[in-house]
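Enquirer: Could you have a look at this structure, given as structure tokens, before my questions?
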Amino acid sequence: GDITLDADGGDIKFQDGTTDIFSLINSSSDIQLKAAVQDKDMIFRGNDGGTIITALTLDMSEAGTATFNHDIKLGDNGQIILGAGSDFSMYHDGSNTCMNESGTGGLNISSSAVRMDLNSDTDYSSTGEPAGILTLYNSNGSDGGGVNNYSSLEFNTGDGATSQGFINYIRTADNQGSFAFSQRTGSSSYAEAMRIDNSGHLLVGKTSGTSGNKVETDGRVSAGAGSNSQPTFNCEGDTNTGINLPESDRIQFITGGTERLRIDANGTLQVGSYGTY
């Protein structure tokens, strides 16, 4: 039949040579298990297919750090909750794997090789969407800018306002694609500002380019002042030859680091050492 251990003092002690090793303790009808020897662990062992294994170790010298020998399994909607204020939780709802950051900080995933910070506050936008600084998502629909996309990185101010811009990967019918950079242009409107297509063309203010061109823009191109040794516009591998803009209202044509032709503010053309025209 049953074995009943009835200790009116509330403690059932296991001793070895009068030294307390382990206790079962009644604490207001809650049951406590206590390893009594300083810094000694509580170890759970069992028989796995004929082999004795250690299933779980509670390290008392590390404030009870738990080391499991194998998996930890939770049923659907069972949550892993982290933080004294239950700030972060992870769970599976039967279809999706969910992570929820309810604190005022952010989600930080880091290692020696990769780091990703997703920072957010507790505010929510008028549409009910979280006001995260960065939002990563995958969609075959349309982002806020009306751009059909495959994957997007969304940027936000973090104050509950409308998203400020996107980086979109746009997939084409042949499964090639382009990266597009869109920015906010109004209270609820967006425009694509720049694109890098699948041929490596850089398009500024344009969504398609001309074959053979590597950089195209629908507006002006501005550059800072250069020098004879490194003109404002030069070629890779020949950086001391090109067109230089050394100051206001003057253009120089440079070869080999030497000025060969100049047009000044008055429209005067000077060619080498042969004079002006």
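The values are calculated or read from the model by the stated rules, or taken from the named source; none is laboratory data. Predicted model only: the values in this text are computed from it and were never measured. Heads up, the Cβs are rebuilt from the backbone with ideal geometry, glycines too, and the neighbour counts pull from every protein chain shown. For the accessible areas, the whole protein counts, side chains as well, though only heavy atoms, and no ligand, DNA or RNA atoms are used. Shrake-Rupley method; radii C 1.70, N 1.55, O 1.52, S 1.80 Å.
Enquirer: Quick one: is N26 more than 27 Å from M90 (Cβ to Cβ) and open to solvent by 50 Å² or more (accessible area, probe 1.4 Å)?
Expert: So N26 fits the description; yes.
Enquirer: Taking the stated definitions as given, is T97 at pLDDT below 55, loosely packed, with under 12 Cβ neighbours inside 10 Å and among the hydroxyl-bearing types (S, T, Y)?
Expert: No.
Enquirer: Still on this structure, I have one more. Have a look at I3, I43, I21 and point out the one that is over 53 Å from the mean Cα position of the chain (by Cα) and either open to solvent by 80 Å² or more (accessible area, probe 1.4 Å) or of a type outside the set (K, R) (or both).
Expert: Answer to the check: I3.
Enquirer: Sort through G50, G46, G85 and tell me the only one that's of a type in the set (G, A, S) and modelled with pLDDT under 95.
Expert: Values: G50 fails: modelled with pLDDT under 95; G46 fails: modelled with pLDDT under 95.
Every option except G85 fails the conditions.
Enquirer: Then there's this: Output yes when any residue across region 210-231 is among the charged types (D, E, K, R), closer than 30 Å to F181 by Cβ, in a loop (DSSP other than H, G, I, E, B) and open to solvent by less than 70 Å² (accessible area, probe 1.4 Å), and no when none is.
Expert: no
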